[in-house]
1. Bins of 5 Å, beginning at zero and ending with the bin holding the largest distance: percent of Cα pairs per bin for the range 11-217, please.
2. Which residue fluctuates most in the GNM of the chain (Cα springs below 10 Å): 254, 297, 61?
3. I'd like the orientation of helix 172-190 relative to the chain: the angle between its Cα long axis and the longest Cα principal axis, in ° from 0 to 90, rounded to 10.
4. Dividing the alpha-carbon radius of gyration of the chain by 2.2 N^0.38 Å (N being the number of residues), what value is obtained?
5. Quick check: Cα centre of the range 191-224 to Cα centre of the range 1-74, how many Å?
6. Roughly how many debye, to the nearest 20, is the charge dipole of the range 284-370 about its Cα centre, given +1 on each Lys and Arg Cβ, -1 on each Asp and Glu Cβ, and no other charges?
7. If you count only protein heavy atoms with a 1.4 Å probe, what accessible area per residue comes out for the chain, rounded to a whole Å²?
8. So what does the Cα-only Debye profile of the range 242-351 read at q = 0.12 Å⁻¹, as log10 I(q)/I(0), no solvent term?
Amino acid sequence: MVRPNWIEINLDSLSHNIQTVRDRIPPGTKILLPVKADAYGHGSLACSYAAKLCGVDFLGVAHMAEGILLRQYGIDIPVLILGPCIPEDFPYLVEFQLTPTLSDEKTATLFDDYLRKNNVTAKAHLKIDTGMNRYGIAAHHPETIQKLLRLSHLKFEGIFTHFATADIPNHPNTEKQAQAFQKLINALETAGLKPPIVHAANSAVTFTHPEIHFNLVRPGIALYGYNPMGNFPSAFPLKPLMKMKATVRMIHDVEAGESVSYGSFWTATKKTRVATVAIGYGDGYLRGNYNEGVMLVHGKLCPILGRVCMDATMLDVSEIPELAAGDTVDVINGEAHEQISMEAIAETHHTIPYEITCRVARRLYRKYRWQGKNYRWDALKKEFQIPEFKEYPCRK
Ligand SMILES: *Cc1c(COP(=O)(O)O)cnc(C)c1O
């Protein structure tokens, strides 16, 4: 059966990118792979199992629900919940052995009380706000931070911060944040309170600021193979995991003076061969403006004509007389041509690769590549020995 469209996720590229990061960090430095938002749209189970086989130490999720889902599918390596937790989460954090991030004094104290009452302990990380002002305890409240690190049942194995501007070269706030964090860590060390794992580096920091790697790095976008500094071409030897492909559904000639697609934003100035391709914003391909962007057909770049529709996009294929319905089109494929890389498409749409990969619709069929072989999801599940979804007794 010819699928109308699909994405290909190359897990060998994930393995390559993990090695690329490993080559840049001192031996013994741990790696956390953020798999939040379904691994930035690449599939959190596929990426988590592949990452585990590649020796990644931690997985990172945004919320507890994402962590529980990994446990329900048998993931048994440490999972750090990067966002803040709330008291309603406490029983589940313990039951599913998920590592929470504590981001404020009140919740940390309540969690410690909860653990004491239940006569258990729990590992956790403490989030320090050094200037992003999203989550965390302000670095300039060291007394509060020290008090929390002394709690009896909440065992802080880690402490971390997050940078707001590391993807902008030489932004002064990166230096300010780094100094605030380093000063705090030094003070904690002196007080004998420094947790064993200290971390700060997202992808941009991992590649551009080796002096603030500490002993764990958390590169997301780079491990998925996109340039953390946004612009293309990348100075870093990363391989993109995702390709988006679609098929030609119909080919026809449009006469001079005729318009194509909603709003009639493109009008033929001469007789033009037009292919209608099965990809649209309903698949997560950004609609954007009109007459913007290209796709690769039989090795040639073909301009998009007019507006992207929900299920279809029209291309000028006048240069490809041999084209037939059913033929494959490269919609996103940075390895085939830089103009259809995630970075280039993001730039065209004034956004970032993260947003494009996160928005890929569920209706696209997914194919995987692992250790040089192609897999459908069912086969990959077998290869990785992913168990069936396990429903846990719910406490509510
Ligand atoms: C998502 C996330 C990262 C990864 O960021 P990238 O820019 O994708 O490298 C790192 N740390 C935290 C806390 C995050 O939430």
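1. 1, 7, 16, 19, 20, 17, 12, 6, 1, 0
2. Fluctuation is largest for 254.
3. 30
4. Values: Rg = 23.9 Å, N = 396, 2.2 N^0.38 = 21.4 Å.
Against the compact-globule rule of thumb, the ratio is 1.12.
5. A separation of 17 Å, based on Cα centres.
6. Roughly 540 debye, rounded to the nearest 20.
7. On the way: 17970 Å² over 396 residues.
With all protein chains present, the chain gives 45 Å² per residue.
8. These q points yield log10 I(q)/I(0) values of -0.36.
The values are calculated or read from the model by the stated rules, or taken from the named source; none is laboratory data. Owing to the predicted nature of the structure, the values given are computational and were not obtained by experimental measurement. So basically every Cβ, Gly included, is an ideal-geometry build from the backbone, and we count neighbours across all protein chains shown. SASA here: full protein model, heavy atoms, side chains in, ligands and nucleic acids out. Shrake-Rupley method; radii C 1.70, N 1.55, O 1.52, S 1.80 Å.
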